[in-house]
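Here, each number is a calculation from the coordinates, and none is a lab measurement. Predicted, not measured: the structure shown is a model, and the values here were computed from it. Positions of Cβ are backbone-derived with ideal geometry, glycine not excepted, and every protein chain shown enters the neighbour counts.
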């Protein structure tokens, strides 16, 4: 985990007066308690099918996408885009590394998603975005490289050059003429033991992909439940068809819903079953030694996906478990909390199935996808 290795280094670096001394007064306005938070369990279990995929010449590492009744796997190292139909038959292997109109000029793909209009988005390691249409022909290349960080600027929490994409768990979500990313503070300042960072740091970035406006907004804050100097600071999010954001955090049982201007609308959510949430508040001296132990022993929320009126949220309970769990919400009502395979997450829907993200295992040389139906 590259980011955790960086944290190990940075938590031992004490800043000499370049930190923002003013905590945003509007921090609490990003979070509200639920007004409606019903529970009506009608789903006791899921019949989850596992399908092994045959994707020739894969590196067994990559990213999933789904659109227009097709499923895609973008190979991280070879830059192939594998196209499958809804029955998981391989329709073809597209693209690959290169500089032609139907090739990808990246050494490695660091993030990928597909949009409802059939476009494909590939992100490299230096804030370079390549957009291809449904014929796998490039239509746009956008570079949104950050400006050099000025440590004397007391307003750096609002500047895009302060943030880097969270490449260890990058989430891309398109909506109309924008693309969204999850971000973290720059490496030299990433330190959740400091309340100034914890309460001021933004968590999402909005990129204009239609015009030439570049990065337009930095949005959000870390959940109050994250607390500083915890091992569970990441978040997950999705964007629905109306541009509303659904945001969850590893250490927070609630899902927060914002409009497209990132104004809080409401929250909902229930704690997962059997989760060990006795999180340690660590110190500079023991963070490096305890962070991996904490993430192995404690429970936390791992993914969320909004599809129609349903929201799927997965979590780990902590310890040596042979399964994860997934909550299913109908609107704001919890209708199911069921066992799912380890590292399971929902990718999308092609009637009548909900499909998981594709899981590739380099050691076992397997590439698998899972699917299930909701028979209500």
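Odds and ends about this structure:
- For the range 272-296 versus the range 93-115, the inter-centroid distance based on Cα atoms is 38 Å.
- Separation in nanometres of the label points that stand 7 Å from Cα toward Cβ, at residue 295 and residue 85: 4.0 nm
- On the basis of the beta-carbon distance and an R0 of 45 Å, residue 259 and residue 52 show a calculated FRET efficiency of 0.60.
- Sites residue 126 and residue 33, calculated FRET efficiency, Cβ-Cβ separation with R0 41 Å, nearest 0.05: 0.50
- The value of relative contact order for the chain, using C-alpha pairs under 8 Å at least six residues apart, is 18 percent.
- Highest-MSF residue in the chain out of 353, 197, 237 [GNM, Cα springs under 10 Å]: 353
- Cα gyration tensor shape of the range 187-317, rounded if a/c is under 1.5, else prolate or oblate by comparing a/b with b/c: oblate
- Derived from the Cα gyration tensor, the three semi-axes of the equivalent ellipsoid of the chain are 31, 27, 21 Å, largest first.
- Judged by the mean number of other Cβ atoms found within 10 Å, the most tightly packed of the peptides 245-258, 204-217, 322-335 leads the ranking 245-258, 322-335, 204-217.
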